[in-house]
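Trainee: The structure is given below, and queries will be raised subsequently.
The values are calculated or read from the model by the stated rules, or taken from the named source; none is laboratory data. Source: prediction; values computed, not measured. Here the Cβ positions follow ideal geometry from the backbone for every residue, glycine too, while neighbour counts run over all protein chains shown.
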Amino acid sequence: MALEAQPNRIKAMQSDFEQSPFVKIVNQNLKGDKLIWLVALSLSVISILVVYSATGTLAYRRLQGNTEYYLFKHGILIALSIFLIWICHQVDYRYYSRISRIALLVSVPLLLLSWKFGVTINEASRWITIPLINQSFQPSDLAKLALIANIAAMLAKRQYELHDFKTSIQPVLIWTGVICALIGLSNFSNAVLLFLTCMMLIYIGRIPTNYLILMFLVGATSIMMALYVGERFGTARSRIEQFTNPEEIHFQAQQSYIAIATGGLLGKGPGNSDQKNFLPHPYSDFIYAIILEEYGLLGGLLVLGLYVLLLYRGMVVMLGSKLAFGGLLSVGLSFSIVMQALLNMCVAVGLVPITGIPLPMVSMGGTSLLFTGMAIGIILSVSRGEIDENVPLGNDTTGTQNLVKS
């Protein structure tokens, strides 16, 4: 009798848990894939802890040791990014198909403006200062989000016309080449990451192989021309030369290796990093080295596992999407975020040359945090499904299952 009553008791406890006020609030407000929500919130908490520790030296130099200034500033940006996740996940994802073309058209002049007249930081003009609020804005973050969404929309609407070069392939080629080239004028690594994401999208979108080769040639040529014409050619060449020369280790890389080596398995503990006093940009480009130093190998694996989980759930959302646009949008944004995270980690451990790529949802920053929040919110919107009956399906009648089977 006791054994027979055990399953009923478990069911009763589960029912009581589901009826609790906290669970009701979570289910009502945090809709969509719960594991993606877990990843976003976990990375946000990690970000606040590590950035607070890593900005100690910066606060001492600029603000007479007032570390709380950067804590509150970063905390506000984290809160805004979570709020954007919540806002974007409430919107039917099909609306983003319409918005993406407008955002793409706006991003072109903004990228040119930032290249020619933008604020120069670390020998790169990637930012525009917004009047009145005096806040810097990086147009490449807007352009990446817009291009991924627009390519997903174009491929989804033309699933039965993919062999028509003029109507289906040409727009994708033009937009990919233009946006990647404009970003490559001041940010070579970001342009390469975006191009790889676009290649992955059109491959999943069933573009014929001969057009894939053409896409690769167009994208690679445009990025290399932008690198030569732009302002980062000398920097990119010197970093590659230093990376390939084992006798000449860059100062940033050297300090990063020391941080990782002294962290060990369990780390030195929160706030106990020593290399944050020597490592340039420990709160942004090399924040993963500080994570490994303070939280050890286990902490680093936890962060890596969160990004892998995000990619996995993004793929699950793709497979569960009823429309091709939702599936392509989910996998494109997931892949973009995780590839950026992997590149940042690879830089910290010395697997690739040094770049200026932040760790998504972790590094201290402005527009990077906010646009990453928007991207995660859109993925969550896809995981919810179509929620507005007034939005027409248009030409996107192909399910994601058909994409995968093909």
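Condition check ((1) over 27 Å from Ile378 (Cα atoms); (2) among the polar types (S, T, N, Q); (3) surrounded by 16 or more Cβ atoms within 10 Å (Cβ to Cβ); (4) without any contact (Cβ under 8 Å) to a residue 12 or more places away in the chain) across all residues:
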| site | (1), (2), (3), (4) |
| --- | --- |
| Leu147 | no, no, yes, no |
| Lys166 | yes, no, no, yes |
| Trp175 | no, no, yes, no |
| Val178 | no, no, yes, no |
| Cys198 | no, no, yes, no |
| Gln254 | yes, yes, no, yes |
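Trainee: Now, a different point. Where residues in segment 138-164 are assigned to a helix (DSSP H, G or I) and charged (D, E, K, R), which of them is modelled with the highest pLDDT?
Mentor: That would be Lys144.
Trainee: Test of understanding: among Thr176, Thr167, Thr197, which residue is in a helix (DSSP H, G or I), at pLDDT below 85 and among the polar types (S, T, N, Q)?
Mentor: Exactly one of Thr176, Thr167, Thr197 is in a helix (DSSP H, G or I), at pLDDT below 85 and among the polar types (S, T, N, Q), namely Thr167.
Trainee: Modelled with pLDDT of 90 or more, over 23 Å from the mean Cα position of the chain (by Cα), under 23 Å from Ala341 (Cβ atoms) and surrounded by 21 or more Cβ atoms within 10 Å (Cβ to Cβ): does that describe Ile260?
Mentor: yes
Trainee: Further, regarding this structure: Quick check on segment 67-122: of everything there that is more than 28 Å from Ile179 (Cβ to Cβ) and out of contact with any Leu (no Cβ under 9 Å at 6 or more places or on another chain), which residue is surrounded by the fewest Cβ atoms within 10 Å (Cβ to Cβ)?
Mentor: Ranking the candidates gives Ile76 first.
Trainee: When you scan segment 52-66, how many residues do you find that are of a type outside the set (Phe, Trp, Tyr) and buried (at least 17 other Cβ atoms within 10 Å of the Cβ)?
Mentor: 7
Trainee: Looking only at segment 78-96, decide whether some residue is at pLDDT 80 or above, within 30 Å of Gly230 (Cα to Cα) and assigned to a helix (DSSP H, G or I).
Mentor: No, segment 78-96 contains no residue that is at pLDDT 80 or above, within 30 Å of Gly230 (Cα to Cα) and assigned to a helix (DSSP H, G or I).
Trainee: Separate question: Working only within segment 334-376, note down all residues that are under 22 Å from Ile48 (Cβ atoms), part of a loop (DSSP other than H, G, I, E, B) and of a type in the set (Ser, Thr, Tyr).
Mentor: Residue satisfying the conditions is Ser363 alone.
Trainee: Could you check Phe216 against (1) farther than 30 Å from Leu302 by Cα; (2) modelled with pLDDT under 85; (3) out of contact with any His (no Cβ under 6 Å at 6 or more places or on another chain) and say which number it fails?
Mentor: (2)
Trainee: Would you check if Phe216 is more than 26 Å from Ile102 (Cα to Cα) and assigned to a helix (DSSP H, G or I)?
Mentor: No: the conditions fail for Phe216.
Trainee: For Leu227, indicate whether it is surrounded by 15 or more Cβ atoms within 10 Å (Cβ to Cβ), of a type in the set (A, V, I, L, M), in contact (Cβ under 8 Å) with a residue 24 or more places away in the chain and part of a loop (DSSP other than H, G, I, E, B).
Mentor: Judged against the criteria, Leu227 is not a match.
Trainee: Would you mind stating whether Thr235 is part of a helix (DSSP H, G or I), at pLDDT below 80, farther than 30 Å from Phe325 by Cβ and hydroxyl-bearing (Ser, Thr, Tyr)?
Mentor: yes
Trainee: Within segment 296-334, restricting attention to residues that are surrounded by 21 or more Cβ atoms within 10 Å (Cβ to Cβ) and among the aromatic types (Phe, Trp, Tyr), which residue is modelled with the highest pLDDT?
Mentor: Tyr307
Trainee: Looking only at segment 326-358, count how many residues are more than 15 Å from the chain's Cα centre (by Cα) and within 19 Å of Gln138 (Cα to Cα).
Mentor: Adding up the residues that qualify gives 1.
Trainee: For the structure I just gave you, tell me whether Ala289 is in a helix (DSSP H, G or I), in contact with an Asp or Glu (Cβ under 9 Å, 6 or more places away or on another chain), over 21 Å from Gly373 (Cα atoms) and small (Gly, Ala, Ser).
Mentor: In short, no.
Trainee: Right, here's the next one. Give me the residue from segment 42-80 that is without any contact (Cβ under 8 Å) to a residue 24 or more places away in the chain and of a type in the set (Gly, Ala, Ser) and, out of that set, nearest to Phe371 (Cα to Cα).
Mentor: Residue satisfying both the conditions and the ranking: Ala79.
Trainee: Here's a follow-up. Might you let me know whether segment 168-175 holds any residue that is touching a Pro at 6+ places or on another chain (Cβ under 9 Å) and not hydroxyl-bearing (Ser, Thr, Tyr)?
Mentor: Yes.
Trainee: Of the conditions (1) out of contact with any Gly (no Cβ under 7 Å at 6 or more places or on another chain); (2) at pLDDT below 90; (3) β-branched (Val, Ile, Thr), Thr67 satisfies every one except a single condition; which number is it?
Mentor: It is condition (1) that Thr67 fails.
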